[in-house]
1. Got the relative contact order for the range A:1-49 handy, in percent, Cα pairs under 8 Å and 6 or more residues apart?
2. Please report, to one decimal in angstroms, the Kirkwood hydrodynamic radius of the range A:1-49 built from all distinct Cα-Cα pairs.
3. Which whole-number percent gives the relative contact order of the range B:336-386, counting Cα pairs below 8 Å spaced six or more residues apart?
4. Just to confirm the number: angle between the C-alpha axis of helix A:245-264 and the first principal axis of chain A, 0 to 90 degrees, nearest 10?
5. What is the packing order of peptides A:189-202, B:319-332, taking the mean over residues of other C-beta atoms within 10 Å and listing the highest first?
6. Report the FRET efficiency, 1/(1 + (r/R0)^6), for residue B:214 and residue A:43, where r is their Cβ-Cβ distance and R0 is 30 Å, rounded to 0.05.
7. Just to be sure I understand the curve: with the Debye formula and one point per C-alpha of the range B:621-674, what is log10 I(q)/I(0) at q = 0.14, 0.32 Å⁻¹?
8. Hey, got the average number of other protein chain Cβ atoms within 10 angstrom for residues in A:241-247?
C-alpha cells in the first residue's frame, strides 16, 4: 500500500469539501474492492475520504412505491431487511449471495455500483429493476448509469447517496457463481417493472446490460418456457479461465428461465435456491 | 487420575486436542509471530517473465532510497560463496524401486539457485531482494530495482516441454527430459496386449495444483557476528532438515545454524524442504547485521510455493473375456518445473500403478521434464492420488466400453488376503490387509444398493445422479530416520523430544496418548517438545504418512527402556531381585509384598541418590533412534455420489463415504479429521483447482484466491467415515499412514461418480478439474 491521506468525515458536505481539495482524492465506501487493490499496489490514491461515518447515507425506507436504500447500507443489512424481503425478495436474495459474510458486512450497495465491476451482482439488480441512482447532484436512471468496464456516469466528485428501487410486479435473480471469487460467471435479474419487462445480465460482458430481444419475447409471454427457442450469441461475451463465451451463452436460457420461474413463485427468491 | 479415566484417553480414544485451546484463542506461535528486537524486512523482486536472460540489474536507485539497508542479487550470493539449494530428488531414504535412464546416461540434475543467476526460468523467480526498515519501504525499493531482460521462448506444458524442439531451460542439457526410464517387461506386455480380448485406453492430465496453506511462508533470521552462528525462525514439517540444508548452503557446520519452528498452519508437501526465501533471508541477516524477516503474501505464494501433481498419462489395460486384468502399459510424464527438485511424485506413483489389483505384467515408460514453471514436489501423497485416479478410471472405462459391472471387475481383481504379502509387478511388497472387506463396507455404508431409487427421485427434479467407487493403496515411506528422547521428570511430567513437527495433525494430543496408554500417565503431564534444533538433534518431518507411524515405533522403544530402567531402580531401592518387580497400571510393584511406587514417585526418589550404576545414571530416560525403510501400506475404499444439473453442468456432492485402514487408530477423531481434510483436498483437485499457466505467455492466470478455486465448507455434505484397523505387519505397533488416505482415492471417485451420472448422455470421461463448463461440453458434444 502506498501512503495516502485519510479522512473520515461524519457529514456529507464535509466529505464533498475535502474531496474537492485534491483531484487525486477518492471516496471510500466499504473498501471491498478498493482496499485489496491498494494493498497489492494495483491502485494509488493521494487520499481517501471514508464515507462510513455519514449516517445520512445509511438505511432502508419505503417511500411511495419505492424502496430507498442508502448508499452506505451494507449487503448484510439489505439481505436481512424484512422490508426488502417483503417488497423485493429478489433484491434481498441478491445481496445475501454477494461474496462471503465478511464482504457482506463491510461492502455497501453504493460502493458496489460505483465500482461497476463487470461481474458484480448489484449492477444487475439496479439495471434489471429500473432503479435510479440518487447522488448529491442529481438522480441518474439505471439505463444511463453503467457505461463501460468499471465505468459509470458519475462525475469524479459526485457521491451516490441512495438508490431508488421502484417495487416491481415481480422479479427473480439467479446467479452462476465463480467457484473462487463467488462473483457472477453469469447472472440475470428478470423483472416486470412499471417500465415493462426487463432482463439484465451481469458477468458476461464489459458491464451489465439488457437483453432487449428476450425482453420483447417475455413482454408477450412472461413464462419460464417463453425463452425455450431463444439463444444469445457468444460473440463479445467474456472468456476467461473459469468459463468460455460459448458456455456463458449456453447458460443464458436456463438461468433466465429459472429467474422467471422464481419471479412467478409466491415467495420469489426466498423459497427457491 | 483414576485408572479408568486414563484408559479412556489412551490409544483408541477420541481425546479432545490439547493444542486447540491455544490455537483457537489466538495464542499459537506461527512463523510470522516471531519478533526480534531491531528486525528489518525483506521484499523479493520477482521475474515477470517465464524465461529470459538477465541482461543487467541496476540497484542504485533502490539502494539510495532512505530506509533501504541492502539490495542484493544472485551474483552477490555467488560472490559470498553460498551454495545452491541441495536436492534429494529421490527422497531421503532408500528408493522404493530403482529408476535409471534407459540409455544409461546419468539422470540430469539442475542446480537450484535461491536467486536467479543470468537467467530466469519461471514467472515469480526471485531476481533480487530489498531489505529495509519497513515492509512499505522495501516495497518502494523493490519497485526501483531496474532489471533488463532479454526474453526467451518459454514452455509450460508437459508434452510440449518434452518435445525435441522445445525451448531448452538448461544449456548443459540437450533436452528438457531429465529422466527417461522404462519399467516392467515390454515384450511380455506386447504379447498379452496383442491377444487380449479387451483393451481399455485412457489419456489424461492430472493437473498442477498448489497447496494454499492457511499460513503463508515466513522466515525471520538473525546472525551473531561474535559466534558466527545463525538462528532461523521458519515454518516446515521438521527443523532438522532445514538446519542441515541451510548449513550446506551457507557453508558452515550444522551446529552453527539453529532452526526454530513454532505452530505450522498447513504443509501438504509444499513446505517439505528448504525454500529459496529462507536462504535469502538468512544470508541477508548476515549481510545487514540485522534480524531480517520475510513473510509471503498470498500472491507470492501462488507464484513461488512448491507446487504439486502435473502428471501426463497415457495408459492401456488388457482384460480377458471374463474380466481378469492381464497387463497394463503406458507412459507417465512428470512436469518438474524449472528445477529438478523432486522425482518422487513420478517414482512413488508409478511403483504402485497397479494399485491393489492383481495385474501380473506391466510395461511403463516414465519421463520427468523441466519447464518454465515453479518446481513441483510431493503434494499430499506424492504421486499416489495421480495413479489411483488413473487405475480407478481405467476400471470404470472398461465397464463403460465393454459392459462389465464396475464393482464385479474390482472384486474379481482385488488382491485377496491369502495372497498377501504380495509383490506387485514393479517389485513393491504390500504388507497385509483386507482390501475387499473395505470396499464392501464402503458400498454398504453408502447405501449403494438403493442408488437407483435415489436416482429416479433426482430425475423428477431434472437432475442426474451418479455414484462411483474407488479403492486405493498408499505407500508410506518417506524420511526413514526418526528419533525420540523421553525423560520422566521428578516434577511429574514426561518430556518427549521428537523430530517430527505437527503441521496441524494434533501431535501434542495423539503422541501423548501413546504415553498415557503405555505408561499410564495423565495426558496433561506429557509434554511433546519439537521444532527447535537446540534440543532436537535428529528427526524427520511430518510427511509421507510417517508422523504417527515413526513416532509410535520410537516412543514404544523408549517406553520399554524406561520401564526396564524403572524396574531396575525399584529393585535397587527395595533391594530385591529385578525379576520380582513388575510394571502395571503406572506403578512398579514388588510382587512379594505388593509394595508399589508410581512412575513419578520413582522419578523423584531417583533424584535423592547419586550412587546409581552407570546404565541408570540418567534415570528414567531413553533415546530411540531408528532407520526404517519398510513401508506400511494404508488402503481403503471411497464412494461418492453427485447430483448434476445437466443444463448448467453444476453439481453438488450429495454423499461421500470413506473407509480407511490406518492399522491402529490412536485418536479416531483426529484420523477422521485428517480424512475429512484429505477428501476436501482431493475433491478440490477433481472439481476446481488448477495452477493455470497461459500456454502462449507462460503467465500464471490463477494467481489469487479470486481465480484459484478451493473448496469451501458449504460445498460438502456431512461425510460418512469408517476406520478399519488391520494392524500392519511391517512394524510392531501396526500403525498405517492416516493423513493421506482421504486424498488418494478422492480424485478418481469423484470423476467416476460424474461420468456415471452422465452415462445416459454417452459421456465416457470428463477431465479434471471437472468444471460445469466441461460437464456441459461433455453432455452436448460428447
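A short reminder: the numbers here are calculations on the coordinates, not readings from a lab. These figures come from a predicted structure and were not determined experimentally. Using ideal geometry, Cβ is built from the backbone for each residue, glycine included, and neighbour counts are taken over all protein chains shown.
1. Working: 56 pairs, mean separation 28.7, N = 49.
Rounded, it is 59 percent for the range A:1-49.
2. Numbers: mean 1/r = 0.0903 Å⁻¹.
That comes to 11.1 Å for the range A:1-49.
3. Working: 60 pairs, mean separation 33.5, N = 51.
Worked out over the range B:336-386, it gives 66 percent.
4. Taking the Cα atoms of chain A, the angle to A:245-264 is about 80 degrees.
5. Working: A:189-202: 23.3, B:319-332: 19.6.
So the peptides A:189-202, B:319-332, ranked by packing, come out A:189-202, B:319-332.
6. On the way: r = 27 Å, r/R0 = 0.89.
Given R0 = 30 Å and the Cβ-Cβ separation, E is 0.65.
7. So the normalised log intensities are -0.66, -1.18.
8. Values: counts 9, 8, 5, 2, 0, 4, 8.
Mean shielding by partner chains, rounded to a whole number: 5.
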